[in-house]
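> Quick one: structure below, then a few questions.
The values are calculated or read from the model by the stated rules, or taken from the named source; none is laboratory data. Given the structure is predicted, the values throughout are model-derived calculations rather than measurements. Positions of Cβ are generated from backbone atoms using ideal geometry, with glycine treated the same way; all protein chains shown enter the neighbour counts.
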Amino acid sequence: MKLQIHKNYKIKSDSELVDLLRDKKRISEKAFEAIFDRYSYNVNAYVRTVIGDADDSADIFQETFIRFYNNVRNGAEITNLQSYLIKISRNLCLNYKRDKKNNVEVEDFHKIVNEENFYENQELLEIVMRALDLMDDKYKEAFVLKKIDGMKFEEVANVLDLTLEGAKTRVNRARVKLLEILDPYIKDLEFKDK
């Protein structure tokens, strides 16, 4: 009679899960599921914000996790799992944009909005996403990583290959640019409230 040991993969650290990906197939699958559950929302949010098109975003999202898995199985060393995943998706997004050579309009990004307030916030969210689409990609990426994905400045710097100061500067410039773009809309709202 075999003694079955139940392992709760959800409480394991990122580095433990990455190590388990190199194990037997069954263990590897469970570790991958835990990693996917932990980081799929952030990766999807990043890709959807940068690419916009739902079908193309889904393809890049899926390819991110395929490449991650293959890299780990081939011995890649990973010190920060979230940054590593975002870096893969960033490279895939850059390749996509280079190959498309045009800007794709950003669709509604429904996952950041609480479902209860979705209809109230849908118009504002659409305007914010369009404003983000008007920014240079370097500022948009930094803003999305910091403000939407919730990364620390150190992680943003790592993903974008910047200094810590460079990451802070890009996020701040993106914030200022976003406020400039949204200023007419905000003034219009203030006028309507009077």
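> Just to be sure before I move on: is Asn70 in contact with a Ser or Thr (Cβ under 8 Å, 6 or more places away or on another chain) and in a helix (DSSP H, G or I) in the structure I sent?
No: the conditions fail for Asn70.
> Could you tell me which numbered condition Asp59 fails, if it satisfies all but one of (1) more than 21 Å from Leu160 (Cα to Cα); (2) at pLDDT below 85?
(2)
Residues checked against (1) surrounded by fewer than 16 Cβ atoms within 10 Å (Cβ to Cβ); (2) farther than 18 Å from Val159 by Cβ; (3) in contact (Cβ under 8 Å) with a residue 12 or more places away in the chain:
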{"residue": "Ser13", "(1), (2), (3)": "yes, yes, no"}
{"residue": "Asp37", "(1), (2), (3)": "yes, yes, yes"}
{"residue": "Asn44", "(1), (2), (3)": "no, no, yes"}
{"residue": "Val50", "(1), (2), (3)": "no, no, yes"}
{"residue": "Phe61", "(1), (2), (3)": "no, no, yes"}
{"residue": "Arg67", "(1), (2), (3)": "no, no, yes"}
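> Right, something else. When you scan segment 177-186, do you find a residue that is surrounded by 15 or more Cβ atoms within 10 Å (Cβ to Cβ) and modelled with pLDDT of 85 or more, even just one?
There is at least one residue in segment 177-186 that is surrounded by 15 or more Cβ atoms within 10 Å (Cβ to Cβ) and modelled with pLDDT of 85 or more.
> Could you count how many residues in segment 8-52 are small (Gly, Ala, Ser) and closer than 18 Å to Asn71 by Cβ?
Result for segment 8-52: 5.
> Would you confirm whether or not segment 79-92 contains a residue that is over 22 Å from Gly150 (Cβ atoms), surrounded by 13 or more Cβ atoms within 10 Å (Cβ to Cβ) and at pLDDT below 90?
no
> Count, please, the residues in segment 22-57 that happen to be small (Gly, Ala, Ser), within 23 Å of Lys147 (Cβ to Cβ) and part of a helix (DSSP H, G or I).
In the first step, residues of segment 22-57 are kept if they are small (Gly, Ala, Ser); the result is 28, 31, 34, 40, 45, 52, 54, 57.
Subset that is within 23 Å of Lys147 (Cβ to Cβ): 40, 45, 52, 54, 57.
Then keep just the ones that are part of a helix (DSSP H, G or I); that gives 40, 45, 54, 57.
Residues that pass the stated criteria total 4.
> Right, another one. Please go through segment 42-61 and give me each residue that is in contact with a helix residue (DSSP H, G or I) (Cβ under 7 Å, 6 or more places away or on another chain) and either assigned by TED's automatic domain parsing to the domain that holds Arg130 or not small (Gly, Ala, Ser) (or both), ordered by number.
The answer is Asn42, Val43, Asn44, Tyr46, Val47, Arg48, Thr49, Val50, Ile51, Asp56, Ile60, Phe61.
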